Every structure is written in C-alpha cells, then in structure tokens.
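Okay, structure first, notes after.
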Amino acid sequence: MARNLITRYAWLVDTISRYGRITLKDLSEAWLRSEISEGKPLARRTFFHYRDGVEDMFDINIQCDKSTFEYYIDDSGDEDHLRLMSWLVDSVSMSGMLSNAHDISGRIVLENVPSARQHLPVIIDALKQNHRISFSYKSYTRSRPTHGVMLEPYFVKIFKQLWYVIGYNVKDRQIKTYSLDRMSSLNMLPDVFEMPDGINPSEFFKDCFGIITNRNSAKRIVLRVEPTQAKYFRALPLHSSQREEIHDQYSLFYYKMRITYDLKEELMSHGASIEVLEPQELKTLILTELQQALNNYQ
C-alpha cells in the first residue's frame, strides 16, 4: 500500500510540474487516462489527501491559484531550498514516469548505482537533530576498514550519483568527506553537537568542482574547447562561474575554481576536445598525468 501511495504521489508531482498549472478537472481527466487510476476517477477528497501526503513526504507544496482554480508547485523560498525542491521534483517525477512504464521495462536501460537508502535516512535524522554518528569506513586507499569513526555531520551532497556526508571528524579534529556506499555499522549517537558559525554548504563548495575541496585559493581557469564539446558545456556547465567566449573554430570557457583532484579528473575525461590554457599549474598537473599514462604503453 505504501509503495502504491508513493507511486501516486510521484504521478501527481510529475503531472502538475509538466503542466505548470492545471485545474482539478483537467488533472482528473489526466488521472483517468493513466494506468495508475485503474479506471477509477480521482475524487476531490482523494486529491487533497495525496496533496497533503506529497507535502509531508517530500516537502513539496502544491498550491491553488484562487483566481483561476489552477494548481501549481510552489517554488518560493531561499536558493538552497529551491535547489533541493527542484531536485526532489525531478526525482519524484522520474519515479512517476518509470512507474507507468512497466510494460516496456525491458526497453529501459538503467545505470547500476550503489544505493544509499540504507544509510541516508540515519544521516538525515542526525542532521535534523544535530547528533553525532559513528560508523566503520572502507577507504579505497587502505587495506583495512577504519572502525569507530565518530562524525558531527554538517551536510550531505550528491555527486555523480553517489551520496557523501561532510562533517567534523572528532578524533582527527578536521572536516572530512565520506561516501555512504563505503560505510557500515552506521549509528546515530545520543551526543549532541552545535553547528559552528560560518559553515554553509553552498559557500563550502563554492569554488570547487565535485566533492573534494582544499584550502587553496580559487584560480582563474581558461579552457579552449572544440565546438561540439562546447555544446555539452553550455548544456551542463562545469561550475556556476562559467562564462564563454565564442570564436569561429573554438570556444574559450572561463572559470574561477580551486584546482582539485575531481577537477583534474573531469578535464582529463574530455580528452583532446579541450585544452587547458591557464593556469600553468593545472596544465603541468595534467601534462604529468598524461605522460605517466603514456609511459604505461611504452
């Protein structure tokens, strides 16, 4: 029953977000056209029940314009809340769309992504209550897992379909990042902590690409990008600081970012379609990596 409710919530969010604004009459007609209705109309009382469920479960508010009697998804709020809500709407909408596609499931190819469902609810609860967490962690750089890691969780972030928690490691006395898929024996502790002043997720990663950050200052980065690849950069910018200068045979992309491992790996993944022009430090880093890779084939 719970699974059916979530599917219906997903359908409701997806339908309203696609229409932008929709009357209850039109929504009911769309409901009847969908497989999820099982041929039964959407009663007004049922709609209000689902709307309340969407708000409770996803913190997505479905509002009504009293002048037109149209329903829409409320997108008011601060920037961080809007980003979260946009992600939730996309995720829930995708869930609703796929739930109605079971008859063509053999023609939908999905990527195998490590699940964070086991650990994310515990960490979300810890974030809400400002409680410490403890866990064992299997780092890829160590042969044995580290047991008894105690962390004051500050925030979570998703990057390349993996969830990470960023917080203060009590033993090491520094802020660290942990991937949820490498955790085990996770528990929320009774110990309460206070969020330090000045810790803001948006500011923390403001000058970074990816999940890895450092204390280095942000640098001016200039990339020369061939025309086809430039289209992808326009569609999905590497960073919020991105700006483009278009030339006949190439584009120049300008950024202000810190030089990190994630950034180096991302730039190298584009191969010969991009060239780092500035800074020299980043050029040297990539040249060294490329030379080491070539040495493996000589």
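Taken together, the values in this text are just the output of simple stated rules run on the coordinates, not laboratory data. No experiment lies behind these values; they were computed from the predicted model shown. Reconstructed Cβ throughout: ideal geometry from the backbone, glycine too, with neighbour counts over all protein chains shown.
Please work out the Cα center distance from region 185-204 to region 227-298, rounded to the nearest Å.
What the calculation gives is 34 Å, centre to centre.
Using mean projected area of the Cα convex hull in nm² as the read-out, say which of (1) 16.5; (2) 24.4; (3) 22.1 was calculated from these coordinates.
It is the value labelled (3).
Would you mind checking which residues have amide H under 5 Å from residue 212's amide H? H placed 1.01 Å from N; only 5 or more apart, or other chain.
Residues meeting the criterion, in which the H sits 1.01 Å from N, are 262.
Identify which of 211, 175, 16 has the largest mean-square fluctuation in a Gaussian network model of the chain, with springs joining Cα atoms closer than 10 Å.
Among 211, 175, 16, the largest mean-square fluctuation in the Gaussian network model of the chain belongs to 16.
Magnitude of the Cβ-charge dipole of region 109-220, K/R +1 and D/E -1, about the Cα centre, nearest 20 debye?
Dipole magnitude for region 109-220 comes out near 480 debye.
Can you show me the helix-derived [θ] at 222 nm for the chain, built from DSSP H runs with n ≥ 4 at -39,500 (n - 2.57) apiece and divided by the number of residues, rounded to the nearest 500.
Numbers: 9 runs with 112 residues, N = 298.
That calculation yields -12000 deg cm²/dmol at 222 nm.
Calculate the FRET efficiency for residue 171 and residue 34 from the Cβ-Cβ distance with a Förster distance of 51 Å, rounded to the nearest 0.05.
0.45
Would you grab the residues whose amide H sits under 5 Å from the one on residue 259? Only those 5+ places off in sequence or on another chain, please, with H modelled 1.01 Å from N.
219
Could you tell me which of rounded, prolate or oblate describes region 154-267, using a ≥ b ≥ c as the square roots of the eigenvalues of the alpha-carbon gyration tensor, with rounded for a/c under 1.5 and, failing that, prolate when a/b is larger than b/c and oblate otherwise?
Prolate is the answer for region 154-267, as a/c is 1.5 or above and a/b outweighs b/c.
Take the chain, connect every pair of alpha-carbon atoms lying under 10 Å apart with a spring to form a Gaussian network, then pick out the residue of 127, 287, 162 with the largest mean-square fluctuation.
It is 287.
Here are some pairs, 176/283; 157/264; 138/206; 66/128; which of them have Cα atoms lying more than 25 Å apart in this structure?
176/283; 138/206; 66/128
Taking the Cα centroid of region 1-62 and of region 118-170, what is the distance between the two, rounded to the nearest whole Å?
When both Cα centres are located, 35 Å separates them.
Pop the C-beta distance of residue 66 and residue 197 into the FRET formula with R0 = 45 Å and round what comes out to the nearest 0.05.
0.60
Taking the chain as a Gaussian network, Cα atoms linked when under 10 Å apart, which of 114, 41, 145 shows the biggest mean-square fluctuation?
41
Determine, from the Cβ-Cβ distance of residue 134 and residue 232 and an R0 of 51 Å, the FRET efficiency 1/(1 + (r/R0)^6), rounded to the nearest 0.05. All intermediate terms of the calculation are to be shown ahead of the outcome.
Details: r = 42 Å, r/R0 = 0.81.
Result of the calculation: an efficiency of 0.75.
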